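Data first, discussion second: the structure below is written as structure tokens.
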Amino acid sequence: MRRRSGAILAAIGLGLAGCSGETKVSDGTWQSEMREVRMAVRGSEDDPMITRRLTAYKDYLSRATGLPVKLYESSDYNGTIQALSSGQVDIATIAGGGYANVDAQIGDLAEPILTIRQAEGDIGYYSGLLVMASSPYKSIQDLKGKTLGYVDFNSTSGYLYPRAVMRSQGIEPETFFGRSSFAGGHTQAVMALDNGQFDATIINMGGGDPVNGFTTGAHFTMARRGVVDLDDFRIIWTAGPMPNSAVVVRTDRPQPFIDVVRGAMAALPYDDPEVWGDIGQPDGAAFTSVTRNHYAEIIKLRADDIAARRSGERQ
């Protein structure tokens, strides 16, 4: 498989550097124009292996492009959004809601090129309404007048998408819940629930579906770390699937750079399975090509929500 993937990389002309990780910039090429690759990533507060994963990504892209890679790590969603929108970075991995924000700011100056396809063929994930297992809440209807924790205003699974689904089911989140606020991250949302700050919270979930159950998400990661016990929580409502996060590039960068990134990342699970594992991807998953159309629903949901807020319809 490594020989086959090596042929893929050679065919798209990636010009991989040696195993030492050193990079060379040739004069008169797109590399000499760019000098370095700047990539925005959001530090995952629920992932204890984040440093190892980011280093693996950085080293792989450096070998693939022949350029040094500089990572811009943001502590929140907005940091990544603004870095991409302002042109401070060339590439970012960003969720659908974040991309919708970027799209609203700069339009076709940013373009999604890849997303993750799971081994089962899924290219989406879910929002889950999480409560304590010891609570009396069995359905979303039981939470009328209760407190709810969201993740972040720019979170797709932790705010934008589930609220739209609630409305489609006849629940107006602005008035249905007694009080709601932002926890600041998926891990923080779980901890706030565990500490009694909310009656329920919205977080991301994946690696399954509502019928067969889930295997990934903030509380699963925290349970593996021994921070919480999975048996202490119960999922009482889900929304999804929504599109997985996208690899988004600035389209005002050299086209050969965009082609190299697309090819290198698509070849990653075959070219270097160890790195693929280090960045948290399971066996059988791979990148698949996407365009703006893949996120059209999320873009519309965000635009509608913003318009309703500006009109005073929503707070």
Legend entry - Gly184 vs. criteria free of Cβ contacts under 8 Å to residues at least 12 places away in the same chain and outside any helix (DSSP H, G or I): no
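Okay, residues lined up against (1) in contact with a strand residue (DSSP E or B) (Cβ under 6 Å, 6 or more places away or on another chain); (2) crowded, with 16+ Cβ neighbours inside 10 Å; (3) aromatic (Phe, Trp, Tyr):
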{"residue": "Val89", "(1), (2), (3)": "yes, yes, no"}
{"residue": "Ala92", "(1), (2), (3)": "yes, yes, no"}
{"residue": "Tyr99", "(1), (2), (3)": "yes, yes, yes"}
{"residue": "Ala104", "(1), (2), (3)": "no, no, no"}
{"residue": "Val131", "(1), (2), (3)": "yes, yes, no"}
Legend entry - Criterion violated by Ile113 - all others in (1) within 24 Å of Gly185 (Cβ to Cβ); (2) surrounded by fewer than 21 Cβ atoms within 10 Å (Cβ to Cβ); (3) within 20 Å of the chain's Cα centre (by Cα) satisfied: (1)
Inset, instruction - Would you be able to tell me the number of residues in the stretch 161-188 that are at pLDDT below 95 and buried (at least 23 other Cβ atoms within 10 Å of the Cβ)? - result: 3
Legend entry - Residue identified as over 26 Å from Ile94 (Cβ atoms), in contact with a helix residue (DSSP H, G or I) (Cβ under 9 Å, 6 or more places away or on another chain) and not in a helix (DSSP H, G or I) among Gly149, Gly170, Gly145: Gly145
Legend entry - Hey, Trp276 free of Cβ contacts under 8 Å to residues at least 24 places away in the same chain, of a type in the set (A, V, I, L, M, F, W, C) and crowded, with 17+ Cβ neighbours inside 10 Å or not: yes
Legend entry - strands (runs of 3 or more DSSP E) within the stretch 220-315 that include 1 or more residues assigned by TED's automatic domain parsing to the domain that holds Val89 and among the β-branched types (Val, Ile, Thr): 246-250, 286-289
Inset, instruction - State which residue is farthest from Val41 (Cα to Cα) when the search covers only the stretch 76-87 and only residues that are surrounded by fewer than 19 Cβ atoms within 10 Å (Cβ to Cβ) and in contact with a strand residue (DSSP E or B) (Cβ under 8 Å, 6 or more places away or on another chain). - result: Gly87
Inset, instruction - Kindly establish whether Ile203 is among the β-branched types (Val, Ile, Thr) and surrounded by 20 or more Cβ atoms within 10 Å (Cβ to Cβ). - result: yes
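The values are calculated or read from the model by the stated rules, or taken from the named source; none is laboratory data. Keep in mind that what you see is a predicted model, and the values were worked out from it rather than measured. Because the Cβ atoms are built from the backbone with ideal geometry, glycine has one as well, and the counts that use them run over all protein chains shown.
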